[in-house]
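S.K.: Before anything else, here's the structure in question.
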Amino acid sequence: MTAKQTIEAGKAILGIEFGSTRIKAVLIDENNKPIAQGSHEWENQLVDGLWTYSTEAIWYGLQDCYAELRKDVRSQYDCEIESLAAIGFSAMMHGYMAFNEKKEILVPFRTWRNTNTGKAAAELSKLFNYNIPLRWSISHLYEAILDNEEHVPSIKYLTTLAGYVHWQVTGSFVLGVGDASGMIPVDPATKTYDATMVKKFDELIASRGFSWKLLDILPKSLSAGENAGFLTPEGALRLDVSGHLKAGIPVCPPEGDAGTGMAATNAVKQRTGNVSAGTSSFSMIVLEKPLSKPYEMIDMVTTPDGSLVAMVHCNNCTSDINAWVGLFKEYQQLLGVPVDMNEVYGKLFNKALEGDADCGGLMAYNYVSGEPVTGLADGRPLFVRSANDKFNLANFMRAHLYGAIGVLKLGNDILLKEENVKVDRLTGHGGYFKTKGVGQRMLAAALNSPISVMETAGEGGAWGIALLAGYMVNNPNKLSLADYLEEVVFAGNTGVSVTPTPEDVAGFNAYIENYKRGLAIEQCAVNNKK
């Protein structure tokens, strides 16, 4: 079939992901190739000290994104999307969306970026003997309990952003197991919430006298390939306000951006991993066995089919780079030079390759928000240099590219050096890798490991959730998810690999030692915030 025939026959598959700065829709054909896309830019808001997106912004963003997809389909193929083979929804993992019995949201959506849950996360980590990150839903819930927030007794439903959108358009209150593992730990044997930890939590809050227990309010956990409901007539209209899209389309389990990143990079098999680097960054390595002990820097989640994954999650990555590039753009406009942002990014990123391997002593801290891995509850973006450092454009850009993955380096050193985790293939994706070969080379130096990037890396999580939707409906041989991705989607393609040079590795190691010493400067800036 041509792409037009695929769309007209209702055989195309739609994936939509809510990222931190962009909602993206990707339409794929029966061979898993993208054939159309749409997007919507958005930004989180700091409201009453907490990062949030309003429900109005969620639905307007989804509808605008889908409208842009329809526009792309009409422009390319002169046809309309009437039906689809399957749909998948994905979003930023974790966070807190609590609803009452009337399905009304009780407090504004609290995103992964919030770091106000320190006391709750510490107590739960001790109780479970398991690292419970600040951004996990259970941390937000328990912090709300500790803070005696008045909405807590009224909770009937607790979910993530992906789970919320899926629930509203299908009526099914479920989550993919990967996203579920970012609410409270999942037992890989049962592929649902860890029963022992659930019991401990219920006992912990029993004296509060709530009418609910934890499992009463959590979504059902589903593995990749399971049917998670169908698009309702109301859901179809909420997605496509033009009314062309028909109800009844099967929808796969909603997943977090970590799970879709694993799917998009063919990294759900043991000894594979991926690094997603955009507004935030995280690495995911699928483990052969559990780690020897809990680490505060490392989160344990699962693949979309329930295998154990070690995750290093960093709240900050490219936002500060983007801010500096915006400054260069202003200067270019001041000179009256036409601006092509792809060209600006490309030239500046490539200029970094000319810099000293240790950035000439320059350092950058990209902390737009707090960074739990390094113990910073709040953030202040900083550029740091001494009078004798080699201050030039190449070193400046290289320092910011290094700084964007500095925290990621610290977390992965535990896995690769202390725990001796074995990895056969690490694949990068996200905006950090958009300029060919540059971010890839920097990450290879940071982790002292070959890094692969695929041509499809730019498609990101929206493509990843579309693949998971395809796995649900186009898998007649009942292959495992790992085999389906390996044999059907990627067909052996592992991308282009870059191996680190000894000079780059030594340079990054020198940079990171300076970086660690300089964290005191960042802490001082936070302590003395305006």
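The values are calculated or read from the model by the stated rules, or taken from the named source; none is laboratory data. Here the structure is a predicted model, which is why all the values come from computation and not from measurement. Cβ: placed from backbone, ideal geometry, glycine included. Neighbour counts: every protein chain shown. Just so you know, the surface numbers come from the protein's heavy atoms only, side chains and all, with ligands and any DNA or RNA stripped out. Shrake-Rupley method; radii C 1.70, N 1.55, O 1.52, S 1.80 Å.
S.K.: Write out, first by first residue and then by second, each pair whose Cβ atoms fall under 9 Å of each other, whose residues are 6+ apart or on separate chains, and whose first residue, in the range 389-410, is outside any helix (DSSP H, G or I) while the second is among the β-branched types (Val, Ile, Thr).
M.R.: From the range 389-410, the pairs are ILE405/VAL275.
S.K.: Continuing with this model, one more query. Of the conditions (1) open to solvent by 20 Å² or more (accessible area, probe 1.4 Å); (2) assigned to a helix (DSSP H, G or I); (3) of a type outside the set (Val, Ile, Thr), GLY346 satisfies every one except a single condition; which number is it?
M.R.: (1)
S.K.: What residue, among those in the range 223-268 that are charged (D, E, K, R) and within 13 Å of the chain's Cα centre (by Cα), is nearest to ASP179 (Cα to Cα)?
M.R.: By that ranking, first place goes to GLU255.
S.K.: Return the pair list, or none, for Cβ contacts closer than 6 Å from residues in the range 349-364 that are of a type in the set (Phe, Trp, Tyr) to residues that are open to solvent by less than 50 Å² (accessible area, probe 1.4 Å) and at pLDDT 95 or above, at least 6 apart or on different chains.
M.R.: Correct list of pairs: PHE349/VAL438.
S.K.: Select the strands (runs of 3 or more DSSP E) contained entirely in the range 10-75, then report the ones holding at least 1 residues which are open to solvent by less than 30 Å² (accessible area, probe 1.4 Å), at pLDDT 95 or above and touching a helix residue (DSSP H, G or I) at 6+ places or on another chain (Cβ under 8 Å).
M.R.: Once the strands (runs of 3 or more DSSP E) in the range 10-75 are filtered for at least 1 residues that are open to solvent by less than 30 Å² (accessible area, probe 1.4 Å), at pLDDT 95 or above and touching a helix residue (DSSP H, G or I) at 6+ places or on another chain (Cβ under 8 Å), what remains is 13-18, 22-28, 34-41.
S.K.: Then there is this: Filter the range 420-461 down to residues that are assigned to a helix (DSSP H, G or I) and in contact with a Cys (Cβ under 9 Å, 6 or more places away or on another chain) and give me whichever is nearest to PRO502 (Cα to Cα).
M.R.: TYR432
S.K.: Further question: Quick check on GLU330: is it in a helix (DSSP H, G or I), among the acidic types (Asp, Glu) and more than 28 Å from PHE282 (Cβ to Cβ)?
M.R.: Taking the combined requirement at face value, the residue satisfies it.
S.K.: Answer with yes or no whether ALA457 is at pLDDT 95 or above, among the small types (Gly, Ala, Ser) and within 20 Å of the chain's Cα centre (by Cα).
M.R.: Spelling it out, it is not the case that ALA457 is at pLDDT 95 or above, among the small types (Gly, Ala, Ser) and within 20 Å of the chain's Cα centre (by Cα).
S.K.: Any idea which residue in the range 172-194 is farthest from PHE128 (Cα to Cα), counting only those that are in contact with a helix residue (DSSP H, G or I) (Cβ under 9 Å, 6 or more places away or on another chain) and hydrophobic (A, V, I, L, M, F, W, C)?
M.R.: Within the range 172-194, the match that is farthest from PHE128 (Cα to Cα) is PHE173.
S.K.: Can you name every residue in the range 471-493 that is open to solvent by 60 Å² or more (accessible area, probe 1.4 Å) and either at pLDDT 95 or above or under 28 Å from the mean Cα position of the chain (by Cα) (or both)?
M.R.: Result: LYS478, GLU487, VAL488, ALA491, ASN493.
S.K.: In the range 302-328, which residue that is among the hydroxyl-bearing types (Ser, Thr, Tyr) and more than 17 Å from ALA180 (Cα to Cα) is least open to solvent (accessible area, probe 1.4 Å)?
M.R.: Checked the range 302-328; the qualifying residue least open to solvent (accessible area, probe 1.4 Å) is THR318.
S.K.: Pull up the range 255-281, narrow it to residues that are part of a strand (DSSP E or B) and touching a Gly at 6+ places or on another chain (Cβ under 8 Å), then point me to the one that is farthest from GLY411 (Cα to Cα).
M.R.: That would be GLU255.
S.K.: Which of the residues that make up the range 494-505 are of a type outside the set (D, E, K, R), in a helix (DSSP H, G or I) and surrounded by 14 or more Cβ atoms within 10 Å (Cβ to Cβ)?
M.R.: Matches in the range 494-505: VAL505 only.
S.K.: To continue, here is another question. Just give me the residues in the range 76-89 being farther than 16 Å from LEU231 by Cβ and either out of contact with any strand residue (DSSP E or B) (no Cβ under 9 Å at 6 or more places or on another chain) or surrounded by 15 or more Cβ atoms within 10 Å (Cβ to Cβ) (or both), in sequence order.
M.R.: If the condition is that a residue be farther than 16 Å from LEU231 by Cβ and either out of contact with any strand residue (DSSP E or B) (no Cβ under 9 Å at 6 or more places or on another chain) or surrounded by 15 or more Cβ atoms within 10 Å (Cβ to Cβ) (or both), then TYR77, ASP78, CYS79, GLU80 are the ones that fit.
S.K.: Among the numbered criteria (1) among the charged types (D, E, K, R); (2) crowded, with 24+ Cβ neighbours inside 10 Å; (3) free of Cβ contacts under 8 Å to residues at least 24 places away in the same chain, which one does ASP299 miss?
M.R.: (3)
S.K.: Do you know which residues across the range 506-530 are touching a residue at least 12 places away in the same chain (Cβ under 8 Å) and either open to solvent by 20 Å² or more (accessible area, probe 1.4 Å) or at positive phi (or both)?
M.R.: ALA506, ALA510, ASN514, LYS516, LEU519, ILE521, GLN523, ALA525, LYS529
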